[in-house]
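Read the figures in this text as sums done on the coordinates, not as results from a lab. Just so you know, these numbers come straight off a predicted model, no measurement behind them. Ideal geometry is used to build each Cβ from the backbone, glycine not excepted, and the neighbour counts take in all protein chains shown.
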Amino acid sequence: MTFLVVHYHEIALKARNRPLFVNRLVHNLKRATADLPVGRIRKLTGRVVLTLHDGCSAGLVTDRIRQVFGVANCSVAHRSALTLDALQETAERALTGRSFQTFRVTARRAYKAFPLTSQQLNEALGSFVLRRFPTRVDLKDPALTLFVEILPTEAFVYLEKVPGPGGLPVGVAGRVLALISGGIDSPVAAYRMMRRGCLVSFLHFHGAPFLDRRTQEKVREIVRLLTRFQYTSRLTLVPFGEVQQEVVVNTPAPYRVLLYRRLMARIAEHLAGLEGAKALITGESLGQVASQTLENLTVIEEAVRLPVLRPLIGMDKEEISAQARDIGTYEISIQPDQDCCTLFVPRHPATRATLEEIDRAELTLDIGRLVKMSVERAEHEECVFPESS
């Protein structure tokens, strides 16, 4: 029987709230492997252990687990009884078939009543390995490390730690609503909030009836990909072309982009209330485009009462693009499309608008009607991972 030992790090620092975080991590591990032949998932001291049924691909399960937020690392492990003879037998089974010129043993005792100290166990198992295999000890830079974990009722032996994404389990920090375009930035912003424990709903404004559906299809693909990290997502699609047209007809050109974004924020706030979301998330980065100066960001945020969180605010485009590549959204985002953000954009947008200027510009708009119309026209879609769960 094969086991997968999952370690967490940041969760371990949560003191009295730790059980809440660990329970959520276990819940998410179950969701991530819902379509795989994974058996019992147990909470042990400082770790979680998954039991894999016969025929279950340990590699496939590991690939799923390494994407679960809250996981520091995971390891395919062999279970052993709490005797030196059993540990030696298990170590030999784990090492058989491997070629390694150097090695070390790293033992940890979560169960302090075990008769050997960690160092004594390192020495005993090291001597055993030297008798059984043509190798030598290298404590600084070994080709292979034999990890041993001693727990109150059992021990685990493994050879590799596969890094996870870290962070906090999705769901422990509440729900947020992310404004997502078909571009590079906003998917990364949503991902970063998931990593901080947020359950993210998605809101996309599209240019219908003036633009085609390519951006909508891109956003659907991005949301499906991001759902791998939180297992269920809601995508809301709002037609925004007619709203933009009214802004163009009734307001000065330099302020149009800011007026679009203030209207988007108001619509998002209304929909967030229906979703139970506690904050809005955007992919804005300071100074990246004209609407993202400090003055303009302040003017946009003033339109709503909900917090507007900007996890990319201090990142540059290269950093954002690198993370987009890491999570797999970059190749989708760079596909050509027709984004509503490029519709009716003035040649010279205001870069440092004041609230007084924007308030005057909005006097010619029926803000309440535009928000109500957009909310009523919103379409909702659900996405689940794994799709068969």
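Quick check: convex hull of the Cα atoms in segment 34-177, volume per residue, rounded to a whole Å³?
Residue-normalised Cα hull volume stands at 141 Å³.
Hey, got a sec? Which chymotrypsin sites (Phe, Trp or Tyr not before Pro) in segment 208-285 land in a DSSP loop and have at most 12 other Cβ atoms within 10 Å?
none
Positive end of the dipole of the chain, charges at C-beta (+1 Lys, Arg; -1 Asp, Glu), about the Cα centre: which of T215, T251, S285 has its Cα farthest in that direction?
Of the options given, the answer is S285.
What does a probe at S57 reach in segment 19-35, counting residues whose amide N is under 20 Å from the point 7 Å along Cα→Cβ?
29-35, by backbone N distance to the label point.
To test your reading of the geometry: what angle, between 0 and 90 degrees and rounded to tens, separates the Cα axis of helix 241-250 from the longest principal axis of the chain?
40
If you fit an axis through the alpha-carbon atoms of helix 118-132 and take the longest principal axis of the Cα set of the chain, what angle between them do you get, 0 to 90°, nearest 10?
70
Per-residue counts of other Cβ atoms within 10 Å, averaged by peptide: what ranking do you get for 160-166, 214-220, highest first?
Descending packing order for the listed peptides: 214-220, 160-166.
Which values, in whole Å and largest first, are the semi-axes of the equivalent ellipsoid of segment 279-372 obtained as the square root of 5 times each eigenvalue of the Cα gyration tensor?
Calculated on Cα positions only, the semi-axes equal 27, 16, 15 Å.
With angles folded into 0 to 90 degrees, how steeply does helix 367-377 sit against the dominant principal axis of the chain? Use alpha carbons for both and round to 10.
Its long axis makes an angle of about 50 degrees.
Roughly how many debye, to the nearest 20, is the charge dipole of the chain about its Cα centre, given +1 on each Lys and Arg Cβ, -1 on each Asp and Glu Cβ, and no other charges?
In debye, rounded to 20, the chain gives about 1580.
For segment 2-163, with only Lys/Arg (+1) and Asp/Glu (-1) charged at the beta-carbon, what is the dipole magnitude about the Cα centre, in debye rounded to 20?
600
Among (1) 1.24; (2) 0.96; (3) 1.02, which is the computed Cα Rg over 2.2 N^0.38 Å?
It is the one labelled (1).
Take the residue pairs K112/K161; K278/K372; K30/K372; K161/K278; K30/K218 and return only those whose Cα atoms are more than 32 Å apart.
In this structure, K30/K372; K161/K278 lie more than 32 Å apart at Cα.
Give me the extension gain from L20 to E381: residue separation times 0.36 nm, minus the current Cα-Cα distance, reported in nm with one decimal.
127.0 nm
I want to check the label-to-label distance for L294 and R347. Put each point 7 Å from Cα in the C-beta direction and report it in nm to one decimal.
Here the modelled spin labels are 3.1 nm apart.
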